[in-house]
Structures are given as C-alpha cells and as structure tokens.
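Colleague: Got a structure here, written out as structure tokens. Questions coming.
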Amino acid sequence: KGSSKFIDDSKWSYGSFVLIATSGVVLNICIVIKLGVENLGVFNQVYAVYVICSHLAVLGVHESVQKHVAQYTKEENLSNTISLAGLIFVSACGLMVAVTMYCLSETIGRVVNSPSIGQGVALTTPGLFLFAVNKVLMAALNGERRMKAFAIDQSIRALAILISGMVIVWSTKPSYTLGASFTIAEIVLVLPLLLAVYPSHRRSIVWPELSEWIHRHMCFGLRVLPNGFLSESYLRIDI
C-alpha cells in the first residue's frame, strides 16, 4: 500500500512539474511572437523582482510550517495551530512587503530606466501578499504528505498564470500588464488551498500555544531565509 501511494504521488508530482515547465515555455514563446523580445524582457524582469521579493514576503516561514506540520502530523489540533501561526505571521509580513514594493515600484522603474517595469511590479504587489499566504498553505499540504493536492494546486497556479498571460498578450495590452497575471494566479489559488488545509471538520486550534508557534516560526524562518533568498537572487539578478 505504501509503495502504491508513493508511485501515485510521484506521478502527480512529475505531472505537475511538466505542466509548470511547459506553461512557462509556452507563455514566453507567445510573448515573443505577439509582443516582441523587448516586451519579453519587461515580463521577465518584473518576474525576477516578484520572485526575489516573495522570499522576503514569506521570510522562510513556509519551511518551518512544512517541517513542524510533518513532525506533528498525527496531532491534528497541534498541526492546525502550527499552520495557522504561520499564516498569521506571513499575513503581516507579506502585507508589509507588498505595500513597500508598491510604494517603491515607481522608483524601481526609474532605477532600471524602464517605467513599464515599475508599473508591472505595482501590479504584482497584491499577488505578493497572497503568494506568502499560499506558500504557507502549500507547505502545510506538503508537511501532511498530501502530494496529490499539492501537485494539483501547483498546477492551478501555473495554468492561471498561463491563461491570464495569454489573454493579456492576445488582447495586445501593454507588456507591463502581464504583471497582473501573478496576482490573478494567487487570487485563483487561495480559496482551494484554504478549503484543502482547513476543511469544515478541522477547526480545532490549540490557542494557548499560538503565540509561541508564531515566535518559533519567525526564528526558524530567519535562519533558513538566506539560503532561499540568495540562491534565487543568484538566478534572477542577471536578468
């Protein structure tokens, strides 16, 4: 039974990976064909800023949620408390980062000598907040070893970016509006994730331990943040 589940989970995970990779290639090709290479550059630079800032929005807390939910997965009330503590923390942190990036978006456009990039970054900021929330919810699914649900939700995000991006491209909107595709994807994803992690029959929270877990998540997240932030920056800064 365990072997069969592992094979089934692997199929879903690999299928999701293929879908994510394919959708990214397809969207980039469509942008080149319809809008040209320069506008593809705008899209990828906006995406680079979005990805790097997303690490600051979630602050490594998703790693803590995943680790501790997996550790206490048999204690349902405690695992609910762990994931809720992570959500509370990243909601505050993600909101601050999103507001800061919105305020700095025009400055970013001036620094890189491209107002379009600044406008695109501004459109990603609501998605930046929701990305932090969704990242923690995805980590909870991963920690619970619900890989089928994890793979499906990953695929939903990729498809939402692809479809919204294609609509923007073929409606010949300005290239910076492609930044909205990231926000649209997170809006589409948040409700299915909330329903998956917190179904109606799982409402028990260990309230006295909530503040303690918020503090533990913060400490754990700050320790792992440099790895994720620097590795992602290494890949994106050159863009």
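Colleague: So which residues in the stretch 146-167 are among the aliphatic types (A, V, I, L, M) and surrounded by 23 or more Cβ atoms within 10 Å (Cβ to Cβ), if there are any at all? Can you show your working first?
Modeller: Within the stretch 146-167, the first condition is being among the aliphatic types (A, V, I, L, M), and the residues that meet it are 147, 149, 151-152, 156, 158-163, 166-167.
Answer for the stretch 146-167, where residues must be among the aliphatic types (A, V, I, L, M) and surrounded by 23 or more Cβ atoms within 10 Å (Cβ to Cβ): just Ile161.
Colleague: At negative phi, without any contact (Cβ under 8 Å) to a residue 60 or more places away in the chain and out of contact with any helix residue (DSSP H, G or I) (no Cβ under 8 Å at 6 or more places or on another chain): is that true of Ala21 in this structure?
Modeller: yes
Colleague: Read through the list (1) in contact with a Cys (Cβ under 6 Å, 6 or more places away or on another chain); (2) in contact (Cβ under 8 Å) with a residue 60 or more places away in the chain, then give the number of the only condition that Met101 fails.
Modeller: (2)
Residues checked against (1) at pLDDT 95 or above; (2) polar (S, T, N, Q); (3) buried (at least 17 other Cβ atoms within 10 Å of the Cβ):
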{"residue": "Ala70", "(1), (2), (3)": "no, no, no"}
{"residue": "Asn80", "(1), (2), (3)": "no, yes, yes"}
{"residue": "Leu104", "(1), (2), (3)": "yes, no, yes"}
{"residue": "Asn113", "(1), (2), (3)": "no, yes, no"}
{"residue": "Ala122", "(1), (2), (3)": "yes, no, yes"}
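Colleague: Answer with yes or no whether Glu63 is on the phi < 0 side of the Ramachandran plot, charged (D, E, K, R) and surrounded by fewer than 20 Cβ atoms within 10 Å (Cβ to Cβ). Before you say what the answer is, go through the steps one by one.
Modeller: On the way: on the phi < 0 side of the Ramachandran plot: yes; charged (D, E, K, R): yes; surrounded by fewer than 20 Cβ atoms within 10 Å (Cβ to Cβ): no.
Taking the combined requirement at face value, the residue does not satisfy it.
Here is a yes/no grid of residues against (1) modelled with pLDDT of 90 or more; (2) surrounded by 13 or more Cβ atoms within 10 Å (Cβ to Cβ); (3) within 21 Å of the chain's Cα centre (by Cα); (4) closer than 19 Å to Asn80 by Cβ:
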site	(1), (2), (3), (4)
Trp213	yes, yes, no, yes
Phe229	no, yes, yes, no
Glu232	no, yes, yes, no
Ile237	no, no, yes, no
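Colleague: Another question, then. Considering only the stretch 132-157, state which residues are of a type in the set (D, E, K, R) and over 15 Å from Leu189 (Cβ atoms).
Modeller: Passing the criteria: Glu144, Arg145, Arg146, Lys148.
Colleague: In the stretch 12-40, which residues are within 28 Å of Val97 (Cα to Cα) and crowded, with 17+ Cβ neighbours inside 10 Å?
Modeller: Selection gives Ile20, Ser23, Leu27, Asn39, Leu40.
Colleague: Would you mind stating whether Gly94 is modelled with pLDDT of 95 or more, under 17 Å from the mean Cα position of the chain (by Cα) and buried (at least 22 other Cβ atoms within 10 Å of the Cβ)? Let's see the steps before the verdict.
Modeller: Numbers: modelled with pLDDT of 95 or more: yes; under 17 Å from the mean Cα position of the chain (by Cα): yes; buried (at least 22 other Cβ atoms within 10 Å of the Cβ): yes.
Answer is yes for this residue.
Colleague: Scan the stretch 24-35 residue by residue and report those that are without any contact (Cβ under 8 Å) to a residue 12 or more places away in the chain and more than 22 Å from the chain's Cα centre (by Cα).
Modeller: Here is the first cut: in the stretch 24-35, the ones without any contact (Cβ under 8 Å) to a residue 12 or more places away in the chain are 25, 29, 32-33.
Across the stretch 24-35, the qualifying residues are Ile29, Val32, Ile33.
Colleague: Shifting gears a bit: Kindly check whether there is at least one residue in the stretch 131-145 that is open to solvent by 70 Å² or more (accessible area, probe 1.4 Å) and over 12 Å from the mean Cα position of the chain (by Cα).
Modeller: Checked against the condition, which is being open to solvent by 70 Å² or more (accessible area, probe 1.4 Å) and over 12 Å from the mean Cα position of the chain (by Cα), the stretch 131-145 yields at least one hit.
Colleague: Next question. How many residues are assigned to a helix (DSSP H, G or I) and either over 20 Å from Ser54 (Cα atoms) or touching a Leu at 6+ places or on another chain (Cβ under 9 Å) (or both) when one looks only at the stretch 132-149?
Modeller: Taking the stretch 132-149 first, the residues assigned to a helix (DSSP H, G or I) are 132-143, 147-149.
Subset that is either over 20 Å from Ser54 (Cα atoms) or touching a Leu at 6+ places or on another chain (Cβ under 9 Å) (or both): 132-134, 136-138, 140-141, 143, 147-149.
Number of matching residues: 12.
Colleague: Tell me which residues, restricted to the stretch 169-208, are open to solvent by 70 Å² or more (accessible area, probe 1.4 Å) and over 15 Å from Asp153 (Cα atoms).
Modeller: Across the stretch 169-208, the qualifying residues are Trp170, Thr172, Lys173, Ser200, His201, Arg203, Trp207, Pro208.
Colleague: Next question, about the same structure. Is it the case, given these coordinates, that Gly118 is modelled with pLDDT of 95 or more, over 14 Å from Val51 (Cα atoms) and not aromatic (Phe, Trp, Tyr)?
Modeller: In short, yes.
Colleague: Name the residue, out of Val97, Val65, that is of a type in the set (Val, Ile, Thr), part of a helix (DSSP H, G or I) and under 20 Å from Glu209 (Cβ atoms). Walk me through it before giving the result.
Modeller: Values: Val97 fails: under 20 Å from Glu209 (Cβ atoms).
Just one listed residue meets the conditions, Val65.
The values are calculated or read from the model by the stated rules, or taken from the named source; none is laboratory data. These numbers come from a predicted model, not from an experiment. Ideal geometry is used to build each Cβ from the backbone, glycine not excepted, and the neighbour counts take in all protein chains shown. Heavy atoms of the whole protein, side chains included, go into the accessibility calculation; ligands, DNA and RNA do not. Shrake-Rupley method; radii C 1.70, N 1.55, O 1.52, S 1.80 Å.
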